[in-house]
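Data first, discussion second: the structure below is written as structure tokens.
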Amino acid sequence: MFKINTTNGNDRMSTQDLLQAINEALAAGETEYYIEASGQHDIGGPLWHPEGKTLRFYVTNPGQRVGSMCLTGTEIIVEGSASADVGWLNAGGKIIVRGDGGDTTGHCAASGKIYIGGRAGTRTGSLMKHDPSDSPPEMWVLKNCGSFSFEFMSGGIVVVCGHDSEQFESVLGDRSCMGMVGGKLYVRGTMKGLSAKDVKVEPLAAADIEYLSNNMDDFLTCIEHEELKSQLSQWQEWHKVTALSYDERPKRANTDIKSFRTGNWVEGGIFSDVCNDDFVTVGLVNTGLYRQRIPLWENARYNAPCQFHCTASIPSQQRFNLLREGKVEEAYRLVLEYTPFPGSVCGAVCPNPCMEGCSRTDIDVSAQISALGSYSIGVNVPAPANSTGKTVAVIGGGVAGLTAAWQLRRQGHNVTVYDAGKVMGGKLEQAIPRSRLAHETLLRELKRIEDIGVHFESDIMVDKSLFATIEQSHDAVIVATGAHIPRVFPWPGHERIAKGLDFFKGY
């Protein structure tokens, strides 16, 4: 067993040094720890043994966040009480506090068990949740909880035994369960001040009694109060608290924003001390003065650099994550949600601003997204199973038109693409050198578009008359004719200059 006393005379070990010592012992293969703490934080998590062995901590006098982010395979026993945030973000550990737990005990817990052998503080169990991939979090409290307990709870199971709590008006404190939308509480003792808009109180059903009976022994044994089993097993003294469903919740009358601001909001507006509010409501489509206001977009702050710089917003970091998980086919297929040309464009023609923006360039080299695109050349997707019955005409068989056709067809619409060229592909076919874009790559990706049901009409010049006919016979028309008229500065002698686009088309 790894034993450590965190005080030496008047000297106290820092939290950082204690956690470093624990990590070093863990690396050496230690599985049991006895820690005489002196208020150090974060003891017991997140840790795991390289061989998957259970880690056990025996702790006295811990500081905040004992068992914070604790993982499956870790057990913590606190002799006496613990301060705030016991089991904060618990992710699977078993945490036993034989005295009181402080404020926000079990805050944001997502799995695992927390046993409190005394009272728990304010906002106990707030924001508890349940990750469906794991068993729900459980928290048992022997006595009572402070105010605002279990606010915004969305999952998990809580048992509040109400022992030695007759002096309190409510064993859940004041204003408990505010905003609760999921999970359930088993409560013994008086409850007052619960949010009637959010929860309901019911007697125990047979399944509830079975759960409490099956788990009470473990709880009482862990907190060393087996003698209380008979007293706490009087099931008629218990109630269950659960969140109201949407249909059960009281509904508010709909009101428009202007009425709310003038009738319910702060009189004169929240800035009435410095300006007069005109109470104008700005709609989704701005008009008048508000059309001149330009919003500030900060997408770069919240997107991965590769996705932000990609003109098609392809989330390449998701593709690499799928590859790390061994989901190769899914990774190759993901890009087809955004473009039908991962090989022709991403892998050959695109200058790859995604790679230029990649943060790996500050370390070594960028992620090789261009090469990744080429791996999706041979991936096929099935034709849509259902049809909407809608018909769409796309005029222009270049990248833009074919991408629109691809996305529309995958949604179940019937799509026809008209192009003046002898074959589809636009500038990919007509202007990009074969040395840069292998023709077989383009043909393979054009065939993939045809295979899901997009109909190609090549060598057709759409004039005014034909456009009118197309417009009348389709539910929608997309014009994506591209830029095929080169622009040349009218310098003297410009008539002798070969226009770039014409040069490439004739190359």
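At a glance:
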quantity: Size of segment 299-374 as Cα extents on the principal axes (Å, biggest first); calculated: 29, 28, 24
quantity: Proximal lysines relative to residue 240, as straight alpha-carbon distance under 27 Å, when same-chain residues fewer than 8 apart are discounted; calculated: 94, 113, 129, 143, 184, 192, 197, 200, 229, 251
quantity: Order of 6, 416 - criterion: other Cβ atoms within 10 Å of each residue's Cβ, fewest first; calculated: 416, 6
quantity: Proximal lysines relative to residue 505, as straight alpha-carbon distance under 21 Å, when same-chain residues fewer than 8 apart are discounted; calculated: 422, 427
quantity: Other-chain or far-sequence residues with amide H under 5 Å of residue 141's (modelled H); calculated: 116, 159, 160, 161
quantity: Extended-chain gain in nm, criterion 0.36 nm per residue less alpha-carbon gap, residue 476 and residue 325; calculated: 50.2 nm
quantity: Proxy reagent accessibility, fewest Cβ within 10 Å first, across 458, 344, 374; calculated: 458, 374, 344
quantity: Shape category assigned to segment 144-209 from the gyration tensor of Cα positions, a/c cut at 1.5; calculated: oblate
quantity: Spatially proximal aspartates and glutamates relative to residue 327 (Cα-Cα < 20 Å; intrachain offsets below 8 disregarded); calculated: 337
quantity: Three-way shape call for the chain based on the alpha-carbon gyration tensor, with the a/c threshold at 1.5; calculated: prolate
quantity: Angstrom value of the Kirkwood radius, inverse mean 1/r, which spans all Cα pairs in segment 38-127; calculated: 12.2
quantity: Computed [θ] at 222 nm, deg cm²/dmol, the chain (DSSP H ≥ 4; -39,500 (n - 2.57); rounded to nearest 500); calculated: -6500 deg cm²/dmol
quantity: Cα-Cα separations in segment 295-445 greater than 21 Å, expressed as whole percent; calculated: 51
quantity: Ascending count of other beta-carbon atoms within 10 Å, so fewest first, for 11, 131, 198; calculated: 11, 131, 198
quantity: In Hz, Karplus ³J(HN,Hα) per residue of segment 403-412 (6.51, -1.76, 1.60; θ = phi - 60°; x = Gly, Pro); calculated: 5, 4, 4, 4, 5, 5, 5, 5, 8, x
quantity: Gained length - residue 192 relative to residue 455, 0.36 nm times residue gap less alpha-carbon distance; calculated: 87.9 nm
quantity: In nm, spacing of pseudo-spin labels at residue 54 and residue 245 (7 Å Cα→C-beta vector); calculated: 4.0
quantity: Backbone N under 14 Å from the residue 23 label point (7 Å along Cα→Cβ), restricted to segment 40-62; calculated: 42-48
quantity: Antiparallel DSSP beta bridges within the chain, percent to nearest 5; calculated: 20
quantity: Electrostatic dipole magnitude of segment 391-479 [Cβ: Lys, Arg +1; Asp, Glu -1; Cα centre; debye, to 20]; calculated: 360
quantity: Chain lengthening between residue 383 and residue 201 when straightened (0.36 nm per residue, less Cα-Cα); calculated: 60.4 nm
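FYI, it's all coordinate maths here, none of it is from the lab. Owing to the predicted nature of the structure, the values given are computational and were not obtained by experimental measurement. Cβ: placed from backbone, ideal geometry, glycine included. Neighbour counts: every protein chain shown.
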